[in-house]
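The values are calculated or read from the model by the stated rules, or taken from the named source; none is laboratory data. Values in this document were obtained by computation on a predicted structure and should not be read as measured data. With ideal geometry, Cβ positions are generated from the backbone for all residues, glycine too; neighbour counts draw on all protein chains shown.
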């Protein structure tokens, strides 16, 4: 039977070479606020309707998400500041131009940024190769212009891709993707040139799905409970080989008045432990590439060659 080529080699976490984080930390903990902007009347690409509830303009959904940049972002940021969290923003880069006050607040805090596209209403799926190359050029230049930072990673806009996406990301100089949330550690992604790694993101600890997704609705107390439970398990396992924990936030959701206290509760719990490297996806990717990438890639390739 012919096997489909893989972007990521299989490697069981119980057998691969151990990961050691800075200072002997057990868990690399990062927080990913999704700071987004949804267009009021986006262009329809013929494939995906950004507002599936009604034909746009969908005032209800547009306004709900707009709450994030008007109110929720500021409430969420106050809690992150309280616990000394340096965030890595999953950023629709157009936010930097539409909402300069939000941009200034993020830059003042020296947060890191990964691309989440231009808008969260424009997807990669239908892009030609040259259109996708231009997309990376635009996001890199826009981020540099407004923040002074070099773009290093991406969560695809609405987690959309083409088959070329990893290769073109690496070609553009990016070193990590957070779309491949299939592991509790970074892992190498095969690309034509350069090095690209998967940094664990989260669909489980993600307020977008818990509070607003797929017809299933949970609330803040459940969010707090599963965040603590996941941390406890990863913290135990991290004594043998370092783990990654991500909490993915959306300001229009976690920044609601009745929910923000649960974020405060979770961050207080996690940051009360020793052995936590509070970091960003940029820092995780760069550390992993410098210290673990080659050994991990060689081990995973050896398993593939033997199978």
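Of the residues examined, residue 38 is not one that is surrounded by fewer than 19 Cβ atoms within 10 Å (Cβ to Cβ), touching a helix residue (DSSP H, G or I) at 6+ places or on another chain (Cβ under 8 Å) and modelled with pLDDT under 95. Listed by first and then second residue, the pairs with beta-carbon distance under 9 Å, at least 6 apart or on different chains, first residue in the stretch 83-98 and at positive phi, second surrounded by fewer than 23 Cβ atoms within 10 Å (Cβ to Cβ) and in a strand (DSSP E or B), are 84/278.
Conditions tested, residue by residue: (1) out of contact with any strand residue (DSSP E or B) (no Cβ under 6 Å at 6 or more places or on another chain); (2) modelled with pLDDT under 95; (3) over 27 Å from residue 220 (Cα atoms); (4) assigned to a helix (DSSP H, G or I).
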position: 84; (1), (2), (3), (4): yes, no, no, no
position: 89; (1), (2), (3), (4): no, no, no, no
position: 96; (1), (2), (3), (4): yes, no, yes, yes
position: 102; (1), (2), (3), (4): yes, no, no, yes
position: 107; (1), (2), (3), (4): yes, no, yes, yes
position: 114; (1), (2), (3), (4): no, no, no, no
position: 123; (1), (2), (3), (4): yes, yes, yes, no
position: 133; (1), (2), (3), (4): yes, no, yes, yes
position: 140; (1), (2), (3), (4): yes, no, yes, yes
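Filtered by the rule that a residue be assigned to a helix (DSSP H, G or I), closer than 15 Å to residue 198 by Cα and either modelled with pLDDT under 95 or touching a strand residue (DSSP E or B) at 6+ places or on another chain (Cβ under 6 Å) (or both), the stretch 142-168 gives 159, 166.
With respect to residue 55, determine if the residue is at pLDDT below 95 and within 26 Å of residue 169 (Cβ to Cβ).
On the way: at pLDDT below 95: yes; within 26 Å of residue 169 (Cβ to Cβ): no.
No; evaluated as a whole, the condition is false for this residue.
I'd like to verify a number: residues in the stretch 151-163 that are touching a residue at least 12 places away in the same chain (Cβ under 8 Å) and more than 16 Å from the chain's Cα centre (by Cα), how many? Explain how you work it out, then say what you get.
Step one: list which residues in the stretch 151-163 are touching a residue at least 12 places away in the same chain (Cβ under 8 Å), which gives 151-162.
Next cut, more than 16 Å from the chain's Cα centre (by Cα) only: 162.
Adding up the residues that qualify gives 1.
For residues in the stretch 258-279 being assigned to a loop (DSSP other than H, G, I, E, B) and under 17 Å from residue 217 (Cα atoms), which is nearest to the chain's Cα centre (by Cα)? The qualifying residue nearest to the chain's Cα centre (by Cα) is 259. For the stretch 182-228, filtered to residues that are without any contact (Cβ under 8 Å) to a residue 60 or more places away in the chain and in a strand (DSSP E or B), the residue that is farthest from the chain's Cα centre (by Cα) is 216. Report yes if some residue within the stretch 250-262 is modelled with pLDDT of 95 or more and over 24 Å from residue 106 (Cβ atoms); otherwise report no. For the stretch 250-262, residues modelled with pLDDT of 95 or more and over 24 Å from residue 106 (Cβ atoms): present. The residues listed here are 191, 197; of these, the one that is in contact with a helix residue (DSSP H, G or I) (Cβ under 8 Å, 6 or more places away or on another chain), at pLDDT 95 or above and surrounded by fewer than 24 Cβ atoms within 10 Å (Cβ to Cβ) is 191. Inspection of the stretch 34-52 identifies at least one residue that is in contact (Cβ under 8 Å) with a residue 40 or more places away in the chain and part of a strand (DSSP E or B). Of the residues that sit in the stretch 122-141 and are surrounded by 15 or more Cβ atoms within 10 Å (Cβ to Cβ) and touching a helix residue (DSSP H, G or I) at 6+ places or on another chain (Cβ under 8 Å), which one is nearest to residue 152 (Cα to Cα)? Among those residues, the one meeting the criterion is 136.
Condition check for residue 217 on (1) at pLDDT below 95; (2) closer than 21 Å to residue 184 by Cβ; (3) out of contact with any helix residue (DSSP H, G or I) (no Cβ under 6 Å at 6 or more places or on another chain): one failure, at (2).
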